[in-house]
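Presented below is the structure to which this report refers.
The values are calculated or read from the model by the stated rules, or taken from the named source; none is laboratory data. Because the structure is a prediction, the values reported are computed rather than measured. Glycine also receives a Cβ, built like all others from the backbone with ideal geometry; neighbour counts cover every protein chain displayed. All accessible areas refer to the heavy atoms of the entire protein, side chains included, with ligands and DNA or RNA removed. Shrake-Rupley method; radii C 1.70, N 1.55, O 1.52, S 1.80 Å.
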Amino acid sequence: MAAALFVGYGYTGYRDARADAQSLEQEANALIAAGQGGVALGVDRRAILLAVEDPAFGSHYGVDFTTPGAGATTITQSLAKSDGFADFTPGLHKIRQSGYAIGLEAALTKPQILALFLNRVPMGAGPDGTWIDGLYAASEAHFGASPSDVPLDAFLKMVAVMIAPGALKLADVDAPELIERAGRIAALVEEECEPASHSDVWLEGCDL
């Protein structure tokens with residue numbers, strides 16, 4: 001009985017994602033056309049982002065329980081959290097979140113999902129203290145340029161803050177914690193290390 005309830009709750013997320021898909025598709029296509037999708041990052045920087053945020057993004061169907069470094073939330077689940085809930089809380093909401101993510105994967109393309117994620121990802125406080133959502137918006141606010149055009153070190157730091165935008169602050173680019181995480185990301189993309197486990201989202205395996 002409990003299993004059936006969980007499946008049913010997950011299906012409500014899938015159903016709602018399919019209902020939301022048309023408007024999300026239109027928004028994603030507009031972002032891509034405006035040069036704010038994943039392709040506009042360039043091949044190398046898109047690969048860096050995915051290696052950290054969702055290493056199996058290109059092949060999974062919304063959830064990922066095995067890939068080292070993937071953690072509990074894929075890019076698609078992150079989008080499901082922002083678009084499928086007025087007030088997300090851990091626990092049972094994770095079931096509906098996963099259903100919504102699977103629904104998004106069934107209705108949208110990977111480039112569309114990535115464009116929406118890049119537009120929504122929390123990036124922390126801007127230079128004036130105002131909270132910023134979206135990689136492109138944060139890049140312009142902090143560095144005055146698109147994320148494809150900023151120095152690599154600045155891009156690595158923007159990817160670094162995504163895990164904890166309230167604690168790691170782009171406004172303090174010299175903070176030891178931010179420098180350390182950016183260094184771990186650099187080591188990861190240079191294939192000098194790998195995540196210690198599926199849950200190693202902080203890249204402890206890259207603490208060289």
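Observations on the model:
- In this structure the amide hydrogen of residue 124, modeled in the peptide plane, comes within under 5 Å of the amide hydrogens of 132, none closer than 5 places in sequence on its chain.
- Dipole of the stretch 88-197 computed with +1 at Lys/Arg Cβ and -1 at Asp/Glu Cβ about the Cα centre; of 156, 173, 114, farthest Cα towards the positive end is 114.
- Gaussian network model of the chain, springs between alpha carbon atoms under 10 Å - residue of 126, 13, 144 with greatest fluctuation: 144
- Angle between the chain longest axis and helix 152-161 axis [Cα atoms, degrees, rounded to 10]: 40 degrees
- The angle between the Cα long axis of helix 110-120 and the main principal axis of the chain comes to about 70°, on a 0 to 90 degree scale.
- For the stretch 52-115, the normalised intensity computed at q = 0.22, 0.24, 0.29 Å⁻¹ comes to -0.86, -1.01, -1.35 (log10 of I(q)/I(0), Debye sum over alpha carbons, equal scatterers, no solvent).
- Net dipole in debye of the stretch 28-143 [+1 Lys, Arg Cβ; -1 Asp, Glu Cβ; about Cα centre; nearest 20]: 220 debye
- Excluding ligands, DNA and RNA, the accessible surface per residue across the stretch 61-152 is 42 Å² with a 1.4 Å probe.
- Residues in the stretch 67-72 carry Karplus couplings, in order, of 5, x, x, 5, x, 7 Hz; the curve used is 6.51 cos²θ - 1.76 cosθ + 1.60 with θ = phi - 60°, and Gly or Pro positions show x.
- Carbon plus sulfur fraction of accessible area for the stretch 134-179, probe 1.4 Å, in percent: 57 percent
- Loop-resident GluC sites (Glu not before Pro) (DSSP state other than H, G, I, E or B) in the stretch 141-208 with no more than 16 further Cβ atoms inside 10 Å of their Cβ: 190, 191, 192.
- Radius ratio Rg over Rh of the chain, counting only Cα atoms, Kirkwood formula for Rh: 0.97
- Nearest 10 degrees, 0 to 90: helix 75-84 Cα axis against the chain principal axis: 60 degrees
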